[in-house]
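Here the structure is laid out as structure tokens; the discussion comes afterwards.
The values are calculated or read from the model by the stated rules, or taken from the named source; none is laboratory data. Owing to the predicted nature of the structure, the values given are computational and were not obtained by experimental measurement. Ideal geometry is used to build each Cβ from the backbone, glycine not excepted, and the neighbour counts take in all protein chains shown.
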């Protein structure tokens, strides 16, 4: 079955959207109609899924705050990826809102679905309309052409760089695409690479091509440094790791630190090249990622979070001893 997911206007499609939501939320799930009609629809961007016959089978909406909600698919059309298509379109539109993150309140039993789509849990579970919910968030790269003074500052300082003309945000799904995203960001770092990876993910970073790119970078000259933040080195030590072998040979260029336990709430994993390129996994346990070879604003935001933990990080005796 071919499905089309399109943005629609609330005034024109109100009855169609409400028919789907009434079936799913009010009739099927027992949500109070007063809660379903929250007065925010007129200001929201709505999305509609149509089957090959043009019949409406699903919907979603996006608020200006960056909140995605009212994701609903009629029962007879579920398990076909329609909800994911609606969510993807909402995320694509959300990137244009100039917010630093998108968020949603997922029914707790649907949390794995949203995690596969790149959202990470935030805060404790809570009750809404008598149903257990979990707030989930997706951190967004800030567009290069940001509004106001930020855009002016970035363009003034960075526009001489030819990479500014090639800035493009890419999405990566699965291990293979994510490794390609890492290599994309490692295409031409000059001075500094930072890696924040809770367990130094073997699928991404213990790859021959990735380590070859890092080796070429750190051997490129005296200014080149590679800093790696981990939550634990147990897996790296027990399984071995190509980056660890590289660090044994180039100890002056590569340094590991462990994030203090009280700062280990971070679920994002990322790689930063200089102050301009990033690869970002919103949840380190899910292979859905974003990369951009030129986004100095987003890269700087991630660098500040990295440096805060780096300054408070600790040297790991196991890693240090292995390098002697």
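Can you tell me which residues in region 27-46 are modelled with pLDDT under 95, in a helix (DSSP H, G or I) and buried (at least 16 other Cβ atoms within 10 Å of the Cβ)? Listed by number, the list holds a single entry, 36. Contact annotation: residue pairs with Cβ atoms under 7 Å, 6 or more positions apart or on different chains, pairing a residue in region 3-28 that is free of Cβ contacts under 8 Å to residues at least 40 places away in the same chain with a partner that is surrounded by 11 or more Cβ atoms within 10 Å (Cβ to Cβ) and assigned to a loop (DSSP other than H, G, I, E, B), are 10/44.
Taken as a whole, the structure places residue 102 among residues that are modelled with pLDDT of 90 or more, under 19 Å from residue 270 (Cβ atoms), in the same structural domain as residue 51 (by TED's automatic domain parsing) and touching a strand residue (DSSP E or B) at 6+ places or on another chain (Cβ under 6 Å). Of all residues in region 280-312, those satisfying the criterion of being closer than 17 Å to residue 100 by Cα, within 14 Å of the chain's Cα centre (by Cα) and outside any helix (DSSP H, G or I) are 280, 281, 282, 283, 289, 290, 291, 292. Against the conditions (1) crowded, with 17+ Cβ neighbours inside 10 Å; (2) more than 11 Å from the chain's Cα centre (by Cα); (3) farther than 14 Å from residue 170 by Cβ; (4) modelled with pLDDT of 90 or more, residue 277 satisfies every one except (3). Mind checking whether some residue in region 308-315 is farther than 16 Å from residue 192 by Cβ and touching a helix residue (DSSP H, G or I) at 6+ places or on another chain (Cβ under 7 Å)? Yes, some residue in region 308-315 is farther than 16 Å from residue 192 by Cβ and touching a helix residue (DSSP H, G or I) at 6+ places or on another chain (Cβ under 7 Å).
Among the residues of region 68-91, are any in contact with a strand residue (DSSP E or B) (Cβ under 7 Å, 6 or more places away or on another chain), touching a residue at least 40 places away in the same chain (Cβ under 8 Å) and in a loop (DSSP other than H, G, I, E, B)? Looking through region 68-91, at least one residue is in contact with a strand residue (DSSP E or B) (Cβ under 7 Å, 6 or more places away or on another chain), touching a residue at least 40 places away in the same chain (Cβ under 8 Å) and in a loop (DSSP other than H, G, I, E, B).
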